[in-house]
1. Name the residue from P52, A154, S63 whose Cα lies farthest towards the positive end of the charge dipole of the chain, charges +1 on Cβ of Lys and Arg and -1 on Cβ of Asp and Glu.
2. Estimate the FRET efficiency between T230 and D138 by the formula 1/(1 + (r/R0)^6), using the beta-carbon distance for r and 22 Å for R0, to the nearest 0.05.
3. If one computes the Cα centroid of region 113-142 and of region 177-235, what distance in Å separates the two points?
4. With the full set of protein chains in place, find how many percent of the accessible area of the chain is carbon and sulfur; take the probe as 1.4 Å.
5. Taking only protein heavy atoms into account and a 1.4 Å probe, give the accessible area per residue of the chain in Å².
6. What is the distance, in nm, between label points placed 7 Å from the Cα along the Cα-to-Cβ direction at E117 and at S15?
7. Would you work out the charge dipole size for the chain about its Cα centre, treating the Cβ of every Lys and Arg as +1 and the Cβ of every Asp and Glu as -1, and quote it to the nearest 20 debye?
8. Using a 1.4 Å probe and counting only protein heavy atoms, arrange L42, L50 so the residue with the most accessible area comes first.
Amino acid sequence: MEPREAVQRIEATPSLREGDSDRFAGYTLIGLPFRSGHILALRRFPASSLGPGYTSIWHRDPSGKWTFYSTVAPGQSCSRYFGSQVEENVHAQVRIEWVGPNTFRVIADCSRPLSWEVTLTKTVATRLMNAAARLAPDSWWQKRFMLRVMGFTARLMLGTGKMNLTGRTPNGQEFMANPQQVWLVKSSRAEVNGVDVGPAGALPAQARLNEFLIPQRGVFAVGRAFLEKTDNLVLTSQTGQRAAGQQTRSACGAG
């Protein structure tokens, strides 16, 4: 199955696994480093136990500043868990356009515009990992030990650097990531606020958001995420614990 077809199925019939944690289902580009020091990541979760589905773009500039773009308020999206290391939340209208079976564009039409094109590819390693994932019992995806084994396997087979599929977010919640089908990034180009971020490539030091590690090689995944519930929201690194609506810069007239 090509990634566009997998995404279309998820968008048509989004569903969540039963459970007491915060739950999300959809697809992600877990993280893509650029040799210039920029990092981009994508989260598209049509199904969310917090409320409406949403899309989020994560951007880190070469100075280390993280900005999270999101189609919903920070308290209903990724900043709920990563906010203590995020310097700015931008409430944005984000479009994902598939222009081929393996190629998509991500566009945020904002006062700080962002455009990003990605082409994905299969390899022998991704085929083997996807076949193994199909055979794994559902219970394995909730076992910390098995997730650590899967992360170690991804490091060896995909050349991602260290991968943590379970750990603690910057805000302290435990996370479990279930990448059940993966592809590698073949090529990518992006502009952030009119600046071409240059060629993709591994960084001298692997980036991280507490125990969540950004892969040194771009990985696109279809799957699920589970995060520990919390009422203690820290939505940005600068302002700490305030209401979600107070944390958001509306750069697109969307909020």
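1. The residue sitting most towards the positive pole is A154.
2. On the way: r = 25 Å, r/R0 = 1.15.
Taking R0 as 22 Å, the efficiency between T230 and D138 is 0.30.
3. About 14 Å separates the Cα centre of region 113-142 from the one of region 177-235.
4. Working: 5450 of 11110 Å².
Here carbon and sulfur together make up 49 percent of the probe-accessible area.
5. Details: 11110 Å² over 255 residues.
Computed with neighbouring chains in place, this is 44 Å² per residue.
6. Label-label distance for E117 and S15, simple model: 3.7 nm.
7. Details: 30 positive and 19 negative charges, 124 e Å.
Result for the chain is approximately 600 debye, rounded to the nearest 20.
8. Details: L42 0, L50 45 Å².
My answer, sorted largest first, is L50, L42.
The values are calculated or read from the model by the stated rules, or taken from the named source; none is laboratory data. Here the structure is a predicted model, which is why all the values come from computation and not from measurement. With ideal geometry, Cβ positions are generated from the backbone for all residues, glycine too; neighbour counts draw on all protein chains shown. All accessible areas refer to the heavy atoms of the entire protein, side chains included, with ligands and DNA or RNA removed. Shrake-Rupley method; radii C 1.70, N 1.55, O 1.52, S 1.80 Å.
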